[in-house]
1. Kindly indicate whether any position in the range 88-95 is under 17 Å from the mean Cα position of the chain (by Cα) and farther than 18 Å from Ala391 by Cβ.
2. Does the range 267-276 contain any residue that is closer than 23 Å to Pro383 by Cβ, basic (Lys, Arg) and in contact with an Asp or Glu (Cβ under 9 Å, 6 or more places away or on another chain)?
3. For Arg409, all conditions in the list (1) at pLDDT below 95; (2) touching an Asp or Glu at 6+ places or on another chain (Cβ under 7 Å) hold save one; what is the number of the exception?
4. If you go through the range 205-241, how many residues are aromatic (Phe, Trp, Tyr) and within 26 Å of Pro122 (Cα to Cα)?
5. Only one of (1) touching a residue at least 60 places away in the same chain (Cβ under 8 Å); (2) not assigned by TED's automatic domain parsing to the domain that holds Leu121 is not met by Glu396, so which one is it?
6. Inside the range 24-65, can you point out the residues that are basic (Lys, Arg) and free of Cβ contacts under 8 Å to residues at least 60 places away in the same chain?
7. Check Thr316, Thr356 and return the single one that is within 24 Å of Gly220 (Cα to Cα) and either among the hydroxyl-bearing types (Ser, Thr, Tyr) or not assigned by TED's automatic domain parsing to the domain that holds Asp251 (or both).
8. Of the numbered conditions (1) crowded, with 24+ Cβ neighbours inside 10 Å; (2) touching a strand residue (DSSP E or B) at 6+ places or on another chain (Cβ under 6 Å); (3) hydrophobic (A, V, I, L, M, F, W, C), Phe293 satisfies every one except a single condition; which is it?
Amino acid sequence: MSRFLVYTPPAAGHVFPLVPGLLALRERGHEVHVRTGSGLVEHVRAAGLDAAPVDPRIDASVKRSGRGDDMADLFARGEWEIEDLRRAIAAFGPDALLVDTNTFGAATLAQTSGRPWAITLPSVLGLRGKGIPPYSLGLAPARGPLGAVRDAVLWKVVERVYGRMLLPGLNPLREGLGLPALASPLDYHGQPDRVIGLTGAPLEYPRTDLPPHVRLVGGGTWDPPAAAPDWLTAPGDPWVLVTCSTHYQADEALAVHAVEALRDAPVRVLVTLADAYDTIALPPAANVRVERFVPHGPVLAHAAAVVCPSGMGIVTKAVAAGVPVVAVPFGRDQPEVARRVQQAGTGVIVPRKRLTADRLRAAVTAAMALRGRARAVAATLDPAHAATAFADAAEELVPATDRVLAGDR
């Protein structure tokens with residue numbers, strides 16, 4: 001069969017959603033090798049996949065600032081990714097490459113490698129489309145002639161803004177490898193043979209004009225296996241999971257307001273702080289438990305609601321588990337993901353600038369009232385189908401005849 005080389009940044013939210021689809025590829029007889037952050041390698045190996053760490057300079061470059069890694073940080077790794085992926089190609093001899101959307105250097109080299117390649121996108125799709133609101137603003141879809149005018153105008157604004165963010169870092173990488181400069185940031189996802197988006201209904205708007213090379217396969221939900229801790233399954237009030245971003249973005253205020261909002265409510269509160277665990281001491285409360293990290297799967301099985309910055313990973317898991325969401329977007333793709341949750345009827349939004357304990361308490365109550373809707377939406381989802389669709393999309397990179405030849409090596 002075929003060999004797939006997978007290249008990701010050192011970010012769990014970009015690695016773990018791939019695991020079900022990569023395992024589906026392996027089950028079909030393909031060889032799969034993953035290059036990712038050193039702290040994630042053992043998790044990927046434990047899942048049953050071959051994995052190795054990326055260049056240590058890439059790991060060391062991950063910054064902890066209010067925004068997490070900004071575009072300059074991502075482009076600063078570009079040359080290292082090019083060198084690193086070139087070495088990985090030489091060592092593994094892949095038939096096809098799967099490269100994360102945020103590894104701009106690796107994506108540039110993939111385009112010049114002579115091998116079929118795909119960009120993997122663990123979020124909602126940021127491409128124009130009929131009736132699709134401009135990306136990153138978190139706007140609801142608009143209808144009618146005025147809506148079309150709004151979208152046309154604001155898509156141009158988004159294109160200009162992202163052009164200033166993306167093109168000055170991306171085009172030098174491209175030109176260094178003999179590729180033409182891109183005129184628009186929206187052209188980036190037009191370069192690969194496939195874009196494999198780990199998104200779909202209800203978090204993706206219906207599209208009637210999806211580009212022919214784009215595959216929306218559905219959300220991948222995977223966490224390192226873990227048993228439910230005894231305290232989680234003990235009798236008591238329902239749990240509310242409050243989780244900060246696993247990739248640090250200075251969102252500790254969410255945890256602070258959540259403790260204040262829920263400390264006297266008839267719920268038990270689990271706060272997971274990830275890297276923010278070392279930056280803040282939360283006020284004590286009898287019904288609040290604070291952890292650095294607890295695998296979300298067991299928690300969601302016992303949760304009545306999730307309060308989060310609306311990262312794609314936790315939202316996808318919550319929607320699949322039928323748990324309503326209070327989305328408090330802080331940045332990145334979070335305004336878009338938060339809007340999709342609200343549009344699906346499986347959660348509510350609290351704007352970051354309006355975040356107070358009183359508003360958050362009311363939002364949790366409103367979200368918990370959506371439990372029936374959240375469960376009904378979850379019943380329409382099939383995680384196994386998402387993994388199969390991912391494997392199908394990846395296999396499109398390698399024609400069936402080539403797969404047979406690869407299997408004869």
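1. First pass over the range 88-95, keeping only residues under 17 Å from the mean Cα position of the chain (by Cα): none.
Checked against the condition, which is being under 17 Å from the mean Cα position of the chain (by Cα) and farther than 18 Å from Ala391 by Cβ, the range 88-95 yields no hits at all.
2. Scanning the range 267-276 turns up no residue that is closer than 23 Å to Pro383 by Cβ, basic (Lys, Arg) and in contact with an Asp or Glu (Cβ under 9 Å, 6 or more places away or on another chain).
3. Every listed condition holds for Arg409 apart from (2).
4. 2
5. Tallying (1) touching a residue at least 60 places away in the same chain (Cβ under 8 Å); (2) not assigned by TED's automatic domain parsing to the domain that holds Leu121, Glu396 fails exactly one: (2).
6. If the condition is that a residue be basic (Lys, Arg) and free of Cβ contacts under 8 Å to residues at least 60 places away in the same chain, then Arg26, Arg35, Arg45, Arg57, Lys63 are the ones that fit.
7. Thr316
8. (1)
The values are calculated or read from the model by the stated rules, or taken from the named source; none is laboratory data. This one's a predicted model, so the numbers in the text were calculated from it and none came from an experiment. Methodologically, a virtual Cβ is constructed for each residue, glycine included, from the backbone with ideal geometry; neighbour enumeration extends over all protein chains shown.
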